[in-house]
1. So, by mean Cβ neighbours within 10 angstrom, what's the order for 132-142, 527-537, 49-59 with the highest one leading?
2. Which log10 I(q)/I(0) values does segment 212-283 give at q = 0.16, 0.22, 0.23, 0.28 Å⁻¹ under the Debye formula, counting every alpha carbon as one identical point scatterer?
3. So with the 1.4 Å probe, I'd like the accessible area per residue for segment 455-538, rounded to whole Å².
4. Treating only the Cβ of Lys, Arg, Asp and Glu as charged (+1, +1, -1, -1), what charge dipole size does segment 432-589 show about its Cα centre? Round to the nearest 20 debye.
5. Dividing the alpha-carbon Rg of segment 261-387 by 2.2 N^0.38 Å yields what?
6. Where the centre of each part is set by its Cα atoms, how far does segment 373-393 sit from segment 807-870, in angstrom?
7. In whole Å, what are the Cα extents of segment 802-922 along the three principal axes, biggest one first?
8. Tally Lys/Arg at +1 and Asp/Glu at -1 over every other residue whose Cβ is under 15 Å from the Cβ of residue 108; what's the total?
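The values are calculated or read from the model by the stated rules, or taken from the named source; none is laboratory data. Values in this document were obtained by computation on a predicted structure and should not be read as measured data. In this analysis, Cβ positions are derived from the backbone assuming ideal geometry, glycine residues included, and neighbour counts consider all displayed protein chains. Only protein heavy atoms, including side chains, enter the accessible area calculation; ligands, DNA and RNA are left aside. Shrake-Rupley method; radii C 1.70, N 1.55, O 1.52, S 1.80 Å.
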Amino acid sequence: MDYKDTLLLPTTTFAMRGNLINNEPKRYAAWDEKKVYFKMKNNRRDAESFTLHDGPPYANGHIHIGHALNKVLKDIIIKHNYFNGKSVRFTPGWDCHGLPIEQQVEKKLGGKKKKEALETAEIRKLCREHAAKFVDIQRAEFKTLGIIADWEKPYVTMDYRFEANIFRTLCSVAKKGLLIERSKPVFWSWAERTALAEAEVEYEDKEDYSIFVAFELDDAAKEKLGLETSSKAAPVIWTTTPWTIPANTGISLNPEEEYVLTTDGYIVAKKLLNSLVESDVLSGSIAKTFQANELENLNAVNPLNGRKSHIVLGEHVLVDNGTGCVHTAPGHGEDDYRVGLKYDLEVVMPVDETGCYDATVVREKLIPNAEEFVGRHIFKSNEDLLELMGDAVLQTSKFMHSYPHCWRSHTPLIYRATKQWFISVDGTPEGEDKTLRDIALGEVEKTKFIPETGRNRLNSMVANRPDWCISRQRDWGVPIAFFRVKATGEVLLDEKVLNFVAMIFEMQGSDAWYSMEISELLYPGSAYKPEELEKVTDILDVWFDSGSTWNSVLKSRNYDAGTYPADLYVEGSDQHRGWFQSSLFLSSAVEHKAPYKGVLTHGFTVDEKGEKMSKSKGNVIAPEKVLKEYGSEILRLWVASSDYQGDLKISQGILKQTSENYRKLRNTFRIMLANINDLEALTPYEEMGDLDKWILNVASDVLSEVHKQFSEYNFVNGMSTLNNFIVNELSGMYIDMTKDNLYCNAQNSARRRASQSAMAITTKTLLLLMAPIITYTADEIIENAPAIIKGDAEDIFDLTYSAIEAGAMPFDAEYMVKAREGFGAVVDGLKKEKIIKNTLELVIYTESKTTLDMNRVDAEDWFVVSGIFEDKPEEEILGSFTVDDDTFSIAKATAHKCPRCWKYQAETEDTICKRCNEVVGA
């Protein structure tokens, strides 16, 4: 007789193969149609809230793997909080202003000249169209990754109301007394003709000059030092920027150091003399020693143009290299500018916006034959300047060093003093007694950082950053929409005037600043006449746009985006100098607190060798390609399984392995669903068998630990713990151990129903733990799950995670696991020697009290053998092992193989065992 039909074999409609590539888009479209995001909001209407505020990517180009990593990680975090019962909010956003978009428009037009021929309003219209196109493209691409968000109402920084709120944030900063306009050296991109903020600067290698130049003291200085006016006495400066020497107005010395006059007539820091002699810059020995303050306020002569160079003292002067005498040009450096303020040094700026010398070099006589230099690029002038300084140049060489470059054009930057708008970091906001910097530092202390190293990074950047230059000289951005009084240069910060402009922006967008006349933009009740005023033409740094999103998104009532401050900001580790910092400063300036309670940072995507991805290397992995080959679930599982605290490796090999891990996970769920297909009610824990109680205890501990790790956003360790459990205790042990019980016992036997119950409880908790990561698969499982799992849920989003509650462990699990391992080692040898094919051919003899105290059938199933006996065996011992002091002996079973269950428990050949006879005969 064929007994197969009498077995309760597993059955489920949940497919073995996911066919993700074809099926994911259909399910994601269905979610869209069902408005799943709004359903999630309704399901948790009165629950505790969780707000993750989205950092806006640029609406420029298609998404890359870094975008995918970032948005998937956010989605997993949001869903983890959702399935934990919280009311979540996720309003995605896009940065729509700024240089990258303007550059793309410029490229389409055919270059700078063609762009410059257009009116500003027309350029802005083209930029707006470009950004709108890529908002739609990127939104569609993000949705293919299974990301659930308020896609119907994202925040877009170029929306009219948004632009009005950016401007209002600026007005709030001004109201706090932190907005200042001044001429100060800033990073300047001559290629893009605009000022840049710290966050827009990248460092690349550049070859530069290293020059030592002697500035002879004037006669009055020599007399004051008791030197002959005919004698030589020249402080030696060291610089890497010969092109800045025309603008030199000072020489800075370290106030704590001693300086020496050498026998060959040069003045340098005493500590550096030996190294300067060794490198052949100088050859003399010490003739006279001075304290730095003896040289303070004396004058030297610039060897290039004969102008006065005033000697000053500055804390910024180091004596670890160079000469201890620092060339000081306040128009070309932050430290130079600061020391220049203290000593009232002239700020000379002879370089125009394109990086060329302008007419200042002629007017101020900064260079001999100055007319030849007007219009010439500074970097192409170094050699001629060196030649003009003649013997004053003591040594010239070239070297490679890390140098600031423009993040967009990758051209070297210069420091250039221009009139710009700044947020004063060391200013005190009105109504506060701490400076803005101190408020921000205090908020960093209160913030939770994941990883914790982020605290020090942000702290040191906040502690050391200069004032924030927020103005740009470009076309596409939110204008610094202030009026200036022509006669006095005064800027109008009248509240009614500013509110009126904000109201116009809200209705017509900030383009109105360019298309409307002053008479239309000016508040009608203002005491000023339009003809007396002019517009400020600068635009805001794009980091100001994104840095004020907490105000425009979370605090305004324009979006249902969650609470302020947000619970979490999640971005790449480069955002310590970018979005985290700009948001912190603006929120601290206006509200005197951080806009976030927590900050999570992730690394960057690299190939399997840890190398940066680039088209030239051919190692770029595009999200679109991953979706076509594997599906979004594989990408999501890769994100969860990777250690995001460092750089994340991705390659075809890694994706294949992740795909294999997904297959195992899917099949584990499938077999568990198939095994519980006919279960209608759960067996109480007290009525379960030993093995069922064991798996529930293990699952309770492991899944609670994983849940804790996931709640700390430690997904990589959580996934590792989970995979170990699934491979070992769940699939490798329990599912294997319970096959006989589930397939061969009577359908409604208490023992079978108990194992099904344990499996159902484990399945549901495991499913809701994994749902934030593989949401598509979790939803598909619910669609195919029996009512015991899904209840009356329509989909996965109707369910909430709950931990497994288990009672006391029924036996010494640690001891029994060791016993199973010992048994497995003997069995491996027996199979190798072809003595057995299956462990059911074996029985175990032992006096182990732990084993014998177990339910005898459970003990058999623990080892998957046909018997556990206390008596000493008469049969031949095939092998043995010990646990603690207990011996386990293994022998062949003497009973016959049951053709139905395959256990060796039948009394005669070709007959079924007693248990099977009862089941079949019932």
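1. 49-59, 132-142, 527-537
2. -0.62, -1.12, -1.19, -1.38
3. In whole numbers, segment 455-538 has 46 Å² accessible per residue.
4. Numbers: 17 positive and 25 negative charges, 84 e Å.
Rounded to the nearest 20 debye, it is 400 debye.
5. Values: Rg = 16.6 Å, N = 127, 2.2 N^0.38 = 13.9 Å.
With N residues counted in segment 261-387, Rg over 2.2 N^0.38 Å equals 1.19.
6. 88
7. Computed over the Cα atoms, the extents are 42, 39, 27 Å.
8. Values: positive: 107, 112, 113, 114, 115, 124, 125, 128, 133; negative: 102, 106, 116, 122, 129, 475.
Net local charge, residue 108 excluded: +3.
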